[in-house]
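J.: Handing you this structure, nothing more for now.
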Amino acid sequence: MKKTILLLVSLCTFGVNAQDFSFGADVQSRYVWRGIQFGGESPSLQPGVEMTAGNFAVGAWGAYSLGGDNAAQELDFYVSYALTDAISVSVTDYYFPEGGSGHDYLELDSETTGHIYEATLSFAGTDAFPVALTVASNVGGASTGSTYLEASYDTDNFTLFAGGVVGDDPAEGDDKGYYGTDGSGLINVGISMSKDIALSSSFSLPVNTSLVLNPDAGNVFLTFGFTL
């Protein structure tokens, strides 16, 4: 309860001093994250809102299955800080209601909570080294220990990416870890492309498509989406 109240107070205080406020939503044919599909074969509505002030950013992001699959629902809060133009750190609270009953949002016990806390260090790349790097570790909540590593190369036309996980050890009684591996694996390899489609002289619709392979699970996905 105290952690939740502190987060809400921080968000309110931050909003008063915010220099920039943005919001929007994506509609994706499938919700695929780090090589894992959520929500079965249902499209996903993914709204987001963010406030920034200087090097700080606070935001919320959600994913809601349009096929009525409650297990695909998600609500995340995050705080990030830019250490330099290329390096940033962040902490994300992933919240997953379970099935149709849902978790108590204020339930923080690691055995029963729907929260997973992740700490992330990101390098956006530079002109001299145009490869972005991400290290993200589960540090609390319902899952700890799993660390996701990703490298990506971005051009004006497409992005190439490859990501894997280490320390993804199954919990007692489970066959697979948080990312569906038995400890480590290459789970997210692919290419994504995006472009703006002009619908009128004053409005363009950003669209995107991704081809994603999860070598560890033997799965492949082709997704399409657009941003509102």
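J.: Filter segment 1-27 down to residues that are under 21 Å from the mean Cα position of the chain (by Cα) and of a type in the set (S, T, N, Q) and give me whichever is modelled with the lowest pLDDT.
T.: THR4
J.: Filter segment 149-172 down to residues that are in a loop (DSSP other than H, G, I, E, B), farther than 24 Å from ASN208 by Cβ and β-branched (Val, Ile, Thr), then give me how many there are. Spell out the reasoning first.
T.: Step one: list which residues in segment 149-172 are in a loop (DSSP other than H, G, I, E, B), which gives 155-157, 167-172.
From what is left, the residues that are farther than 24 Å from ASN208 by Cβ are 167-172.
Add one more test, that the residue is β-branched (Val, Ile, Thr), and what stays is none.
The qualifying residues number 0.
J.: Yes or no: LEU121 farther than 19 Å from ASP216 by Cα, surrounded by fewer than 16 Cβ atoms within 10 Å (Cβ to Cβ) and either in contact (Cβ under 8 Å) with a residue 24 or more places away in the chain or in contact with a Phe, Trp or Tyr (Cβ under 9 Å, 6 or more places away or on another chain) (or both)? If you could, list the steps in order and put the result at the bottom.
T.: Working: farther than 19 Å from ASP216 by Cα: yes; surrounded by fewer than 16 Cβ atoms within 10 Å (Cβ to Cβ): yes; either in contact (Cβ under 8 Å) with a residue 24 or more places away in the chain or in contact with a Phe, Trp or Tyr (Cβ under 9 Å, 6 or more places away or on another chain) (or both): yes.
For LEU121, the condition - farther than 19 Å from ASP216 by Cα, surrounded by fewer than 16 Cβ atoms within 10 Å (Cβ to Cβ) and either in contact (Cβ under 8 Å) with a residue 24 or more places away in the chain or in contact with a Phe, Trp or Tyr (Cβ under 9 Å, 6 or more places away or on another chain) (or both) - is met.
J.: Sort out which residues of segment 37-87 are under 25 Å from ASP216 (Cβ atoms), surrounded by 15 or more Cβ atoms within 10 Å (Cβ to Cβ) and charged (D, E, K, R), and write them in order of number.
T.: Those that are under 25 Å from ASP216 (Cβ atoms), surrounded by 15 or more Cβ atoms within 10 Å (Cβ to Cβ) and charged (D, E, K, R): ASP69, GLU74, ASP76.
J.: Just name the residue that is modelled with the lowest pLDDT out of those in segment 28-71 that are in a loop (DSSP other than H, G, I, E, B) and hydroxyl-bearing (Ser, Thr, Tyr). Spell out how you get there, then give the answer.
T.: Pass one, segment 28-71, residues in a loop (DSSP other than H, G, I, E, B): 29-30, 34-35, 39-43, 54-55, 66-69.
Pick out the ones that are also hydroxyl-bearing (Ser, Thr, Tyr) and you get 29, 42.
On the way: SER29: 95, SER42: 88.
My answer is SER42.
J.: Out of the residues in segment 178-218 that are part of a strand (DSSP E or B), small (Gly, Ala, Ser) and touching a residue at least 12 places away in the same chain (Cβ under 8 Å), state the one that is nearest to THR147 (Cα to Cα).
T.: We begin by selecting, within segment 178-218, every residue part of a strand (DSSP E or B); these are 185-198, 204-214.
This time we only want the ones that are small (Gly, Ala, Ser), so: 185, 190, 192, 194, 198, 204, 210.
Then drop every residue that is not touching a residue at least 12 places away in the same chain (Cβ under 8 Å), which leaves 185, 190, 192, 194, 210.
On the way: GLY185: 11, GLY190: 19, SER192: 23, SER194: 28, SER210: 23 Å.
Within segment 178-218, the match that is nearest to THR147 (Cα to Cα) is GLY185.
J.: Still on this structure, please answer the following. Name the pairs whose Cβ atoms lie under 6 Å apart, with the first residue in segment 132-148 and in contact (Cβ under 8 Å) with a residue 24 or more places away in the chain and outside any strand (DSSP E or B), the second of a type in the set (A, V, I, L, M, F, W, C) and buried (at least 19 other Cβ atoms within 10 Å of the Cβ), and 6 or more positions between them or separate chains?
T.: Every condition considered, the pairs that remain are ALA142/ILE116.
J.: Let me ask another. Give the residue that is farthest from SER88 (Cα to Cα), with candidates limited to residues of segment 129-182 that are exposed (fewer than 15 other Cβ atoms within 10 Å of the Cβ) and among the polar types (S, T, N, Q).
T.: Among those residues, the one meeting the criterion is ASN157.
J.: Being part of a strand (DSSP E or B) and of a type outside the set (Ser, Thr, Tyr) is true for just one of ASP85, ASP76. Which residue is that? Steps first, answer last, please.
T.: Details: ASP85 fails: part of a strand (DSSP E or B).
Selected residue: ASP76, the only one of ASP85, ASP76 that is part of a strand (DSSP E or B) and of a type outside the set (Ser, Thr, Tyr).
J.: I'm trying to understand the selection: among the residues of segment 198-225, which are crowded, with 16+ Cβ neighbours inside 10 Å and not polar (S, T, N, Q)?
T.: Passing the criteria: VAL212, LEU213, ASP216, ALA217, PHE221, GLY225.
The values are calculated or read from the model by the stated rules, or taken from the named source; none is laboratory data. These figures come from a predicted structure and were not determined experimentally. Because the Cβ atoms are built from the backbone with ideal geometry, glycine has one as well, and the counts that use them run over all protein chains shown.
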